[in-house]
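Down below is the structure, laid out as structure tokens.
The values are calculated or read from the model by the stated rules, or taken from the named source; none is laboratory data. Small disclaimer: the values here were computed from a predicted structure and weren't measured. Neighbour counts are summed over all protein chains in view; Cβ atoms, including those assigned to glycine, are modelled from backbone coordinates with ideal geometry.
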Amino acid sequence: MRRRDNRDANKNKFKKHRINEEITTREVKLVGKDDAPIVISVSAALEIAKKKNLDLVEISPNQNPPIVKIIDYRKYIFEQKKVSKEAKKKQKIIHVKEIKMRPAIDKNDFEHKINRAKKFLAKGDKVKFTLMFRGREMTHPDLGFEVMTRIQESLEGIAQTEKEPTKEGRNITMFMNAGSSNKKRKENKNED
């Protein structure tokens, strides 16, 4: 029984409009492709729709009088579903991948993390670099900013810095996204 209810809910997902006898007002404004909008009774509009073997569909119920159109409702719903599918296809989901490091990172570990970042950026994902401090490392935040600068230099031409390195508690974070950062670097050099 529940399965049937779910199917009905999916069918009614696109049924936002009242059609034919569901329209309860006395008068409606009928709009068409060629004709100018006219205000007529619902019964007269239903008669016109029946003669054309089409449906009377309430397009804008909040107007006074409500706006209706004579169309093939099944075809209209099909086109609405098609448009929503196309919109979903065109959507691009960007994921944020996080790479965590320490200020005293080894050269090989650093290269490994940079290679991982390049793979993420090649897929079009954003990368969040988090540099974590422990204990007495907090007294030397300059070491953390040096690591972040090395990251920026290693990814120059591949990625651009979206959010500059900032210290947040015991961490320094920086966001980078795919794209060339050459223009930004040249502008900064010209200003100096």
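Looking across region 17-45, the residues that are in a helix (DSSP H, G or I) and closer than 20 Å to N62 by Cβ come down to N20, E22, V42, A45. The residues listed here are I151, I114, I77, I48; of these, the one that is part of a helix (DSSP H, G or I), among the aliphatic types (A, V, I, L, M) and touching a helix residue (DSSP H, G or I) at 6+ places or on another chain (Cβ under 6 Å) is I114. The set of residues in region 119-136 that are under 23 Å from the mean Cα position of the chain (by Cα) and charged (D, E, K, R) comprises K119, K123, D125, K126, K128. Looking only at region 111-158, filter to residues that are among the aromatic types (F, W, Y) and closer than 30 Å to K92 by Cα; which one of those is surrounded by the most Cβ atoms within 10 Å (Cβ to Cβ)? Taking the candidates together, the pick is F129. Does K100 satisfy the condition of being more than 30 Å from T139 (Cα to Cα) and of a type outside the set (F, W, Y)? So K100 fails the test. Of the residues that make up region 161-176, is at least one assigned to a helix (DSSP H, G or I), exposed (fewer than 13 other Cβ atoms within 10 Å of the Cβ) and either assigned by TED's automatic domain parsing to the domain that holds I114 or at pLDDT 85 or above (or both)? So far as region 161-176 goes, no, none of its residues is assigned to a helix (DSSP H, G or I), exposed (fewer than 13 other Cβ atoms within 10 Å of the Cβ) and either assigned by TED's automatic domain parsing to the domain that holds I114 or at pLDDT 85 or above (or both).
Among the residues of region 48-83, those that are touching a residue at least 60 places away in the same chain (Cβ under 8 Å) and either of a type outside the set (D, E, K, R) or within 30 Å of K128 (Cα to Cα) (or both) comprise I77, Q80.
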